[in-house]
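Undergrad: Mind having a look at this structure? Questions to follow.
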Amino acid sequence: MTDLAAYSSLFLAALLAATLIPAQSETLLGGLLLLGQQPAVALVAVASFGNILGSVLNWLIGRGVERFRDRKWFPASDAQLDSAQGYYQRFGYWSLLLAWVPVIGDPLTLVAGIMREPLWRFLILVSIGKAGRYLVLAAGLGA
């Protein structure tokens, strides 16, 4: 696999994995690390950047989603949105360190946008969690 193909595929997989679209990037990152054709630091950086950017897309969607709350096609009920916002208020912005966790992480970044979490704090906490996850994966594979 060429460097461009490897980095592009990894970036796209990581970006999609961070959105509400079901995808996974860890397997691709692990495979690329095991192949050893690209520097581990570069692979972890590309995966982290893509995954963080996907979370920012969720945050942006969250910033504008409230205006569609009362539409029939809207995928979440008022009770679901209220519940998610209640959890976010209860656990606060520190919960964004868990944005990497499957199932809860992606909706968490969306709710952070709804709750008007400042982008600077969002980026710091989400970056720590997401880059940390990839670093642990790389270290576990001996890269």
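Rule-based calculations on the coordinates, nothing more; no lab input. The shown structure was predicted, so the numbers you read here are calculated from the model rather than taken from an experiment. Glycine gets a Cβ as well: all are built from the backbone with ideal geometry, and neighbour counts include every protein chain shown.
Undergrad: Pull up the stretch 45-84, narrow it to residues that are among the β-branched types (V, I, T) and under 14 Å from L119 (Cα atoms), then point me to the one that is nearest to the chain's Cα centre (by Cα).
TA: I52
Undergrad: The conditions are (1) among the aliphatic types (A, V, I, L, M); (2) surrounded by fewer than 10 Cβ atoms within 10 Å (Cβ to Cβ); (3) touching a Gly at 6+ places or on another chain (Cβ under 7 Å), and A79 fails exactly one of them. Which is it?
TA: (3)
Undergrad: Among A84, A79, A99, which is closer than 23 Å to G132 by Cβ and among the hydrophobic types (A, V, I, L, M, F, W, C)?
TA: Testing whether each residue is closer than 23 Å to G132 by Cβ and among the hydrophobic types (A, V, I, L, M, F, W, C) leaves just A99.
Undergrad: Counting only residues that are buried (at least 22 other Cβ atoms within 10 Å of the Cβ) and of a type in the set (A, V, I, L, M, F, W, C), which one in the stretch 14-32 is farthest from R121 (Cα to Cα)? Before you say what the answer is, go through the steps one by one.
TA: Let us first name the residues in the stretch 14-32 that are buried (at least 22 other Cβ atoms within 10 Å of the Cβ), namely 14-15, 17-18, 25, 29, 32.
Filter again for of a type in the set (A, V, I, L, M, F, W, C), leaving 14-15, 17-18, 29, 32.
Working: A14: 21, L15: 20, A17: 21, A18: 18, L29: 27, L32: 31 Å.
Only one residue fits best here, namely L32.
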